[in-house]
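S.K.: Sharing a structure with you now.
The values are calculated or read from the model by the stated rules, or taken from the named source; none is laboratory data. Please read these numbers as outputs of a predicted model, since none were measured by experiment. Backbone-built Cβ (ideal geometry, glycine too); neighbour counts: all protein chains shown. Side chains included, ligands, DNA and RNA excluded: accessible areas come from the protein's heavy atoms. Shrake-Rupley method; radii C 1.70, N 1.55, O 1.52, S 1.80 Å.
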Amino acid sequence: MAALMDTRILLRKIKDLRCLTPRRNRVKAKWAGSQPKYPATNLALQNFDATYSLQLGEQWPSVRVSMLCEQKYGALVNNFSTTEGVIADLQSQGCRDFVCQPVGVGGLERLQAPGFPLHDNPSTLESVGVSQDVAPPHLRTNIKCFVFPGGDISRFKPSRPDLYGMLGYYLMDAASVLPALALDVQEGHSVLDVCAAPGGKTLALLQTQAIRFLCVNDISVSRTYRLQRVLNSYVPKELLTEERMRITSFDGRKWGEIERDTFDRVLVDVPCTTDRHSVMEDENNIFKRARTKERQRLPQLQTELLLAGIEAVRPGGQVLYSTCSLSQLQNEYVVERAMHLAREEHGISLQVVDLRPITRLFKDTFHFAPDLHLGQLVLPHLTANFGPIYMCKLRRLN
């Protein structure tokens, strides 16, 4: 026992054990081989500083600081679990359901009033084909997403399963619920989610409990498996049958060839630069030098995916395009290009549906970019650190 104690004391005094290692086995750590000289997060931030400072102007410093701070989340309540205790617990923590809460006194009534002006500059919107005859938003209020008040950066507790093994809520960026709300799914609709993984927006669509048939797709097999695990944790098995849902791993760009003129609603949530992830995490960062060509091809990929979604929707149906990027090149320009190709190469006429009623309804929860000529963009803000999320809704006319 005394010998053991003496050995421990000796080891504590030895600060560098390399003297005990044979010289032939010593390895000198090479800095250049252990970590990149320019981390992907730094490259992303440099790229955004050069691009978004011109695009956003005076708003960029605020957005920049927000993206570098901890992101806020929302708790999407799972209607397939026992919700009473879950909602009561969330409310006891000071959370509120931003979907059902009105925008001040009489806010919702003003939006639904027949004389309420939807557009500040109708001539500008007409020039890009935005619908001027827009009905008030008919939201699926059975989608419930709880958030902490503005400025409150508290974290949600992990969700727990109920007696049937269904988790009570799904944690996600609350702004990611907006595309599911804006898609306006009605009773009996068939819906296609072209790029569904990891599954947050798919789960939000299922909470409407109005979909007759849902097709979820992602080209990545591993991401599709993750999507299946999410669905198995939140949705009963009887709703995951082949008659109600189909999960595939096809190339979304080919969907117009697979099922054309089929779906009532199509969600095209495309791969993008995922701006917030790119400035915070080096893992799976698209700004790595090895992925430069992949990043440069993103607008082309996004255009092809949106065009496939346009072909897959039936005449009179609606397509919602969304990204989690601030980039105009991946947002407005992709929509414009896809509309042009649909008209010139496929003879498909489209109408942009104005989403300003949605932004007015949720202006107390999210910070929206002003004066976008196509679609709406949620900007990260320190008091409402959600997003970025871009969305644009198209109606197929023929």
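S.K.: Check segment 343-358 and report whether any residue there is crowded, with 19+ Cβ neighbours inside 10 Å, assigned to a loop (DSSP other than H, G, I, E, B) and under 19 Å from the mean Cα position of the chain (by Cα).
M.R.: Within segment 343-358, one or more residues are crowded, with 19+ Cβ neighbours inside 10 Å, assigned to a loop (DSSP other than H, G, I, E, B) and under 19 Å from the mean Cα position of the chain (by Cα).
S.K.: Output yes when any residue across segment 98-119 is at pLDDT 55 or above, in a loop (DSSP other than H, G, I, E, B) and open to solvent by 40 Å² or more (accessible area, probe 1.4 Å), and no when none is.
M.R.: Within segment 98-119, one or more residues are at pLDDT 55 or above, in a loop (DSSP other than H, G, I, E, B) and open to solvent by 40 Å² or more (accessible area, probe 1.4 Å).
S.K.: Now, a different point. For segment 202-229, enumerate the residues that are open to solvent by less than 20 Å² (accessible area, probe 1.4 Å) and either assigned to a helix (DSSP H, G or I) or not hydrophobic (A, V, I, L, M, F, W, C) (or both).
M.R.: Scanning segment 202-229 gives THR202, LEU203, ALA204, LEU205, GLN207, THR208, ASN217, ASP218, THR224, LEU227.
S.K.: So which of PRO236, PRO198 is surrounded by fewer than 18 Cβ atoms within 10 Å (Cβ to Cβ) and within 30 Å of GLY94 (Cβ to Cβ)? First the steps, then the outcome.
M.R.: On the way: PRO236 fails: within 30 Å of GLY94 (Cβ to Cβ).
Every option except PRO198 fails the conditions.
S.K.: Return yes or no: is LEU320 open to solvent by less than 10 Å² (accessible area, probe 1.4 Å), modelled with pLDDT of 95 or more and under 18 Å from the mean Cα position of the chain (by Cα)? Spell out how you get there, then give the answer.
M.R.: Values: open to solvent by less than 10 Å² (accessible area, probe 1.4 Å): yes; modelled with pLDDT of 95 or more: yes; under 18 Å from the mean Cα position of the chain (by Cα): yes.
The answer is yes for LEU320.
S.K.: Out of segment 377-398, which residues are open to solvent by 20 Å² or more (accessible area, probe 1.4 Å) and either more than 22 Å from HIS277 (Cα to Cα) or assigned to a strand (DSSP E or B) (or both)?
M.R.: Pass one, segment 377-398, residues open to solvent by 20 Å² or more (accessible area, probe 1.4 Å): 381-383, 395, 397-398.
HIS381, ARG395, LEU397, ASN398 - these are the residues of segment 377-398 that are open to solvent by 20 Å² or more (accessible area, probe 1.4 Å) and either more than 22 Å from HIS277 (Cα to Cα) or assigned to a strand (DSSP E or B) (or both).
S.K.: Going by the conditions given, is LEU326 over 17 Å from the mean Cα position of the chain (by Cα), hydrophobic (A, V, I, L, M, F, W, C) and more than 25 Å from VAL191 (Cβ to Cβ)? Before you say what the answer is, go through the steps one by one.
M.R.: Working: over 17 Å from the mean Cα position of the chain (by Cα): no; hydrophobic (A, V, I, L, M, F, W, C): yes; more than 25 Å from VAL191 (Cβ to Cβ): yes.
So LEU326 does not fit the description; no.
S.K.: While we're looking at this one, here's another question. If TYR234 passes every condition in (1) free of Cβ contacts under 8 Å to residues at least 40 places away in the same chain; (2) over 22 Å from ARG395 (Cα atoms) but one, which one does it miss?
M.R.: Status for TYR234: all satisfied but (1).
S.K.: Return the residues of segment 287-307 that are free of Cβ contacts under 8 Å to residues at least 60 places away in the same chain and assigned to a loop (DSSP other than H, G, I, E, B); say none if nothing qualifies.
M.R.: The initial filter retains those residues of segment 287-307 that are free of Cβ contacts under 8 Å to residues at least 60 places away in the same chain, namely 290-304, 306-307.
ARG297, the sole residue that qualifies.
Results for (1) more than 20 Å from the chain's Cα centre (by Cα); (2) open to solvent by 40 Å² or more (accessible area, probe 1.4 Å), shown as yes or no for each residue.
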{"residue": "GLN46", "(1), (2)": "yes, yes"}
{"residue": "ASP49", "(1), (2)": "yes, yes"}
{"residue": "LEU56", "(1), (2)": "yes, no"}
{"residue": "VAL63", "(1), (2)": "no, no"}
{"residue": "LEU68", "(1), (2)": "no, yes"}
{"residue": "VAL86", "(1), (2)": "yes, no"}
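S.K.: Going through segment 43-96 one residue at a time, which ones are in contact with an Asp or Glu (Cβ under 7 Å, 6 or more places away or on another chain) and among the hydroxyl-bearing types (Ser, Thr, Tyr)?
M.R.: TYR73, SER81, THR82
S.K.: Give the residue, chosen from LEU76, LEU45, that is at pLDDT 95 or above and outside any helix (DSSP H, G or I). Explain how you work it out, then say what you get.
M.R.: Values: LEU45 fails: outside any helix (DSSP H, G or I).
After applying the criteria, what remains is LEU76.
S.K.: Would you please list the contacts, defined by Cβ atoms under 9 Å and residues six or more apart or on different chains, that run from a residue in segment 352-370 that is under 23 Å from GLY57 (Cα atoms) to a residue that is part of a strand (DSSP E or B) and among the polar types (S, T, N, Q)?
M.R.: ARG356/GLN376; THR359/GLN376; PHE368/GLN376; ALA369/GLN376
S.K.: Within segment 324-342, how many residues turn out to be under 12 Å from THR303 (Cβ atoms), of a type outside the set (Lys, Arg) and either open to solvent by 30 Å² or more (accessible area, probe 1.4 Å) or outside any helix (DSSP H, G or I) (or both)?
M.R.: Qualifying residue count for the region: 6.
S.K.: ASP261 versus (1) at pLDDT below 95; (2) in a helix (DSSP H, G or I); (3) in contact with a strand residue (DSSP E or B) (Cβ under 6 Å, 6 or more places away or on another chain): which is the lone unmet condition?
M.R.: (2)
S.K.: Select, from GLN330, GLN318, GLN300, the only residue that is farther than 30 Å from MET280 by Cβ and among the polar types (S, T, N, Q). Give the derivation first.
M.R.: Numbers: GLN330 fails: farther than 30 Å from MET280 by Cβ; GLN300 fails: farther than 30 Å from MET280 by Cβ.
One residue alone meets the criteria, GLN318.
S.K.: Among ASN232, ASN217, which is polar (S, T, N, Q) and under 17 Å from the mean Cα position of the chain (by Cα)?
M.R.: Values: ASN232 fails: under 17 Å from the mean Cα position of the chain (by Cα).
Just one listed residue meets the conditions, ASN217.
S.K.: Still on this structure, please answer the following. Farther than 21 Å from GLN186 by Cβ, hydroxyl-bearing (Ser, Thr, Tyr) and not in a loop (DSSP other than H, G, I, E, B) - does that describe any residue in segment 360-375?
M.R.: Looking only at segment 360-375, we keep the residues that are farther than 21 Å from GLN186 by Cβ, and these are 360, 363-375.
Adding the requirement that they be hydroxyl-bearing (Ser, Thr, Tyr) leaves 365.
Next, only the ones that are not in a loop (DSSP other than H, G, I, E, B) stay: none.
No, segment 360-375 contains no residue that is farther than 21 Å from GLN186 by Cβ, hydroxyl-bearing (Ser, Thr, Tyr) and not in a loop (DSSP other than H, G, I, E, B).
S.K.: State whether one or more residues within segment 145-166 are touching a residue at least 12 places away in the same chain (Cβ under 8 Å), closer than 18 Å to GLN209 by Cα, open to solvent by less than 40 Å² (accessible area, probe 1.4 Å) and in a loop (DSSP other than H, G, I, E, B).
M.R.: Yes, segment 145-166 has at least one match.
S.K.: Next up: Kindly list, by first and then second residue, each pair from a residue in segment 382-398 that is in contact (Cβ under 8 Å) with a residue 60 or more places away in the chain and over 17 Å from PHE366 (Cβ atoms) to a residue that is outside any strand (DSSP E or B) and open to solvent by 10 Å² or more (accessible area, probe 1.4 Å), limited to pairs with Cβ atoms under 6 Å and residues at least 6 apart or on different chains.
M.R.: Pairs that qualify, where the first residue is in contact (Cβ under 8 Å) with a residue 60 or more places away in the chain and over 17 Å from PHE366 (Cβ atoms) and the partner is outside any strand (DSSP E or B) and open to solvent by 10 Å² or more (accessible area, probe 1.4 Å), are LEU397/SER349; ASN398/SER349.
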